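What follows is a short report on a single structure.
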Amino acid sequence: MRPSPATIARGLARTVTLAAVAWLVFLAAWGWHYQVPTLETRLAIQPDELSAARGEEFARAVVSTLNDTYADAHARAWPSRREMPSVVGPRVAGVLPEVGESWRPAWPQPRRSLVDLYFRTAGIDGMTNPFGLEVVLNSRVLPMELPALAAHEYAHLAGFAD
């Protein structure tokens, strides 16, 4: 027996209503997060303040710091996923006041994904689960990539969308 046009219309209306409710739940839970001010806005950086000279100055400072900390960095092994909350979390927390953020989220241990094969195939290194507030990283991430990726995802947890 074929459904009547009224039954099809009711089913379609329910589907559209369910999709709209799901969208509103997503917005309330995570989507409005993308409406937060950008880092440039938070730091009050003006476009005319950005120049090649400032970029070069920043790059030289980074290289100098890396050179100064070379021996210490190579004196021990790369931190594991399990160590990310205690190694990377405090460093991210230390930067937050400088960018106008006063609260500290919990720093979860990065997990592997159930869809890890998809992550590897699509070239996705990591993501933040907006519903469980978990950090999910590709299982094939190299040890030297792990701290930077964890810091990136922790920044999302701290309220930085971009």
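The values are calculated or read from the model by the stated rules, or taken from the named source; none is laboratory data. Small disclaimer: the values here were computed from a predicted structure and weren't measured. For accessibility, only protein heavy atoms count, side chains too; no ligands or nucleic acids. Shrake-Rupley method; radii C 1.70, N 1.55, O 1.52, S 1.80 Å.
So here's what we get for this one:
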read-out	value
Between region 102-162 and region 83-97, the alpha-carbon center distance in angstrom	14 Å
Axial C-alpha extent at least 30 Å, average Kyte-Doolittle at least -0.5 - helices from the chain (DSSP)	5-29
Residue-normalised accessible area of the chain, given per residue in Å² at a 1.4 Å probe	72 Å²
D (Stokes-Einstein, µm²/s), Kirkwood Cα radius, the chain, 0.890 mPa s at 25 °C	127 µm²/s
Residue 134 long-range amide H proximity, modeled H, under 5 Å	129
Largest-first ellipsoid semi-axes for region 123-162, taking √(5λ) over the Cα gyration tensor eigenvalues, angstrom	17, 11, 8
Overall dimensions of region 41-133 as given by Cα atoms, namely Rg and Dmax in Å	17.6, 45
Percent accessible area from carbon and sulfur atoms, the chain, protein chains only, probe 1.4 Å	63 percent
Most mobile of 92, 63, 135 in a GNM of the chain (Cα contacts under 10 Å)	63
Note, ³J(HN,Hα) from phi for region 83-94, Karplus 6.51, -1.76, 1.60, rounded to Hz, x at Gly and Pro	8, 3, x, 8, 9, 8, x, x, 5, 5, 4, x
Residue with peak Gaussian network fluctuation, the chain [Cα springs, cutoff 10 Å], from 20, 53, 148	53
Rg/Rh for region 37-87, where both radii come from Cα atoms and Rh is the Kirkwood radius	1.16
